[in-house]
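None of the figures in this text is laboratory data; all of them are computed from the coordinates on show. Every value quoted in this text rests on a predicted model; they were computed, and no experiment measured them. Because the Cβ atoms are built from the backbone with ideal geometry, glycine has one as well, and the counts that use them run over all protein chains shown.
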Amino acid sequence: MSAKIKYSSLPKRKRHFPITVFSRLTIGLFFLGFLAGCFSGTLLKNQLYEPVLTLFQSTVNNLPYLEIKYQNVFLYSLKESLKIFLLLVFFAMTNVWKLYYTGFTLYTGFSHGLLFSFCLLLSSTLGVLQYLCFLLPHTLLLAPVFLYLISQLDEFHSCLFTPENGDTSGGFFFGGKKRQLFFTKLPLFLTCLLLLTICALLEGYLNIPLLKYFHAKLI
């Protein structure tokens, strides 16, 4: 008997992707909404968005000279992030989670696509840099946090609405297994809240000064 083992007989090593299938689906939905936002902003700028575009242009042009209280930006950013976080957690505990998640992701992509199209309409190719100025650096942390949170919430929803966890029509707060599942995920939720607070701090105290600087020097 040959001591050599054919390579084909060895068990194939599974490929590990850095992100899950659900996360890739989320990114795909975001870019679908993003393209819709770009198309809408460009095609309907005269019919629907001209007043908004004019206001946006006025704000951008005067941005380096505006007196912006960074604490107010931080508090507003934190409030918006917490609102989105709580809504995601709430709907993950309902049977309309898939619908809400899809709508939320498409709308987020659409709003970013609209912003991107406005930047291009006002500044041509330099608008790409202008768009990035609105996002950096806080989005480098914010996007992965929300991507991970949504992925975990989908897993949480799938575990929550299983027959072994009781009657899914009885509501979340009926049944010890459901409460136990929630408290198992609680450390993850609290960690996401902490990271969202850091994102808000970055947006208020770092992103805004950099945004004003780049618009004063480059735009």
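Among the conditions (1) closer than 19 Å to Ala36 by Cα; (2) over 13 Å from the mean Cα position of the chain (by Cα), Thr59 misses just one, which is (1).
Would you mind listing the helices (runs of 4 or more DSSP H) fully within region 70-142 where at least 2 residues are basic (Lys, Arg)? If you could, list the steps in order and put the result at the bottom.
Values: elements: 70-92, 97-123, 127-135.
Where helices (runs of 4 or more DSSP H) fall fully within region 70-142 and carry at least 2 residues being basic (Lys, Arg), they are 70-92.
Looking only at residues that are buried (at least 20 other Cβ atoms within 10 Å of the Cβ) and of a type in the set (Gly, Ala, Ser) in region 77-126, which one is nearest to Phe30 (Cα to Cα)? In this case the residue turns out to be Gly109.
Do you know which residues across region 36-45 are more than 16 Å from the chain's Cα centre (by Cα), part of a helix (DSSP H, G or I) and either aromatic (Phe, Trp, Tyr) or surrounded by 14 or more Cβ atoms within 10 Å (Cβ to Cβ) (or both)?
Pass one, region 36-45, residues more than 16 Å from the chain's Cα centre (by Cα): 36, 38-45.
Subset that is part of a helix (DSSP H, G or I): 36, 38-43.
If the condition is that a residue be more than 16 Å from the chain's Cα centre (by Cα), part of a helix (DSSP H, G or I) and either aromatic (Phe, Trp, Tyr) or surrounded by 14 or more Cβ atoms within 10 Å (Cβ to Cβ) (or both), then Ala36, Cys38, Phe39, Ser40, Gly41, Thr42 are the ones that fit.
Among the residues of region 127-141, the one identified as surrounded by 15 or more Cβ atoms within 10 Å (Cβ to Cβ) and of a type in the set (Val, Ile, Thr) is Thr139.
Is region 142-150 home to any residue that is surrounded by fewer than 16 Cβ atoms within 10 Å (Cβ to Cβ) and β-branched (Val, Ile, Thr)? No - not one qualifying residue is present in region 142-150. Note on region 183-218: residues that are without any contact (Cβ under 8 Å) to a residue 12 or more places away in the chain and under 22 Å from Gln152 (Cβ atoms) amount to 7.
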